[in-house]
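> Take this structure first; my questions come after.
Computed from the coordinates by the stated procedures, all read-outs in this text should not be read as laboratory data. All values reported here derive from a predicted model rather than from experimental measurement. Here the Cβ positions follow ideal geometry from the backbone for every residue, glycine too, while neighbour counts run over all protein chains shown.
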């Protein structure tokens, strides 16, 4: 006895192969594309370890393609296999509600026609077709296993192509057939293993967010979302393999579904319990909500602001709109024939969800939740990413470049001083990393244009941007009456240069649906220290720009972090000698803040003092002005701001004590 399978490397297919190797004798021929050969080799090695090398050697790959006649087999291959195959299992299909209609048609319908053609040519005894409960569409009532074309509505390309594929199987007169219609298949009931986000898994992120927002004991009230039907993959495979080998069942369809009623709200509650999240204690019955006309609400939600908000919310949670539209299963499913075939076996009924929901959740959160960035290491977040860092020749920029390169990123180093940039690049290369050097004056808009042209020509896109380059001026307004150029120069670099870079990189980031921009701001924006009017104004302008633009592009996958950096001991503060006595964080500490922002992508990072300053000014701005005016009177302008040189300055005890607060905790 020999078997032939399509879709053998898929979620259900690979488990069916494993079960056949474990329970049945004979060769197992598996159709595989050239591009999937490596995956089959890995699976064969796994089967060799779990079942035994002798059993694994019974697997024989057959190179082919679903979209070609005879599934891509040559006539010589067909002749060699003719008469050997007893059971032909056709599992390969597109199981994705969001897939394009053309792909559904080509694979689900065309692939099935080619599978029937090959099964006939091989003269197989039984053709087993894994269909889906999707063939029932929106049939109202009990959909029996003997039903097929009941004039049911088929609402999506997936529903329609699964229906047409089953029609091809039923109407061909050449090979005895059996059809299996699984419900919504979830992970293994013993291990929780799943291979992709699908079905109820689209809502795991929403449950996780709910857990983060509310205590577990919070009672929720919602609306009745109708019924669903989920079954674990190991039960589906066991039931399928058993029925396939039972005699006298050809020409029948079998619902591999849970005969027990499953409400969507109950499924959500089981998963919420596994996640230790709040659950629904009550839901408004559909008998009360269904008679209410839905068009006024639908019309209101289709208005541009609400439509965009809904789009952003679904994107943030990773829920495709197509899935949301088909969350409820309208029909119920009869399991009489499947129940008879499975009577007395371990597969007589699927295990109830509450017995294995915890395993599903645990596997998803450990192995599949790639969106939970706080759990990622820096290397996982940055590996292979192109990170542009301005002001990378020294200080914070240089330290950041070294750290992101060590994490596997490719820093694009930008500054005016090429020699120092080359030194930084050489250090990165010596440590086994890769970096690129770009000389540019970010206060010159033409230079920024040339920089963008070179970078995009070399790399086509930038994944992340760190706007670190900046100019700081500490000078009271009384000394600035004839120095308007101070304000112009500061704005030119700190604001216009940064904005020019952002605008130049945003189109590509939005097109790719991914990007992160870190703007290095200052604690001064939060605390409004005297004598920093030019510097604070330039950083505040960038903060305001960021807040506005962030709301426009978040729906395209582009995010921003603003870091209100405390005092950092860099060459930028060197001219103000009294800062020598101030406690300040090192460039390495500042680089750690930047790396953390690249890893977790928060909206804001800063210090306790900065937050306190913002709150105090919001509550009592006049009082804060008086306190800051006192500081202005006590602490004079620096010698550098007055144009004097080599004048020793000393910081008072009060200044040092105040500055220690800038070393607050980051979040």
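> Using the 10 angstrom Cβ neighbour count as an exposure proxy, how do 604, 354 rank, fewest first?
354, 604
> Next question, about the same structure. Between residue 273 and residue 503, what's the calculated FRET efficiency when r is the beta-carbon distance and R0 is 41 Å? Round to 0.05.
Efficiency, from the Cβ-Cβ distance: 0.30.
> Using the beta-carbon distance between residue 627 and residue 544 and R0 = 22 Å, what value does 1/(1 + (r/R0)^6) give for FRET efficiency, to the nearest 0.05?
For R0 = 22 Å, the calculated efficiency reads 0.35.
> Take residue 478 and residue 33, extend 7 Å from each Cα along the Cα→Cβ direction, and tell me the distance between the two endpoints in nm.
Here the modelled spin labels are 7.6 nm apart.
> Compute from the Cα atoms of region 1-182 the Rg and the Dmax, the latter being the longest Cα-Cα distance, and quote both in angstrom.
16.5, 50
> What distance in nm separates the two pseudo spin-label positions at residue 510 and residue 345, each 7 Å out from Cα along the beta-carbon direction?
The modelled label-to-label distance comes out at 5.6 nm.
> List 396, 627, 585, 51 from most exposed to least, where exposure is judged by having the fewest other Cβ atoms within 10 Å.
With the sparsest Cβ surroundings first, the list reads 627, 51, 585, 396.
> Taking all pairs of distinct Cα atoms, average 1/r, flip it, and tell me the Kirkwood hydrodynamic radius of region 379-456 in Å to one decimal place.
When all Cα pairs of region 379-456 are included, the Kirkwood radius is 12.3 Å.
> Expected output is a single nm value to one decimal: the length gained when fully extending between residue 57 and residue 615, i.e. 0.36 nm times separation in residues minus the C-alpha distance. What is it?
193.9 nm
> Given the peptides 383-395, 237-249, 535-547, arrange them by the average over their residues of other C-beta atoms within 10 Å, most packed first.
Answer by packing, highest mean first, reads 383-395, 535-547, 237-249.
> Among 169-176, 197-204, how do they line up from the highest to the lowest mean number of other beta-carbon atoms within 10 Å?
Highest mean packing first, the order is 197-204, 169-176.
> Between residue 218 and residue 281, 0.36 nm times their residue separation minus their Cα-Cα distance comes to what?
21.7 nm
> Take the Cβ-Cβ distance between residue 138 and residue 211 as r, set R0 to 35 Å, and report the resulting FRET efficiency rounded to the nearest 0.05.
The formula returns an efficiency of 0.60 here.
> How much length is gained on full extension from residue 102 to residue 454, taking 0.36 nm per residue of separation minus their Cα-Cα distance?
122.8 nm
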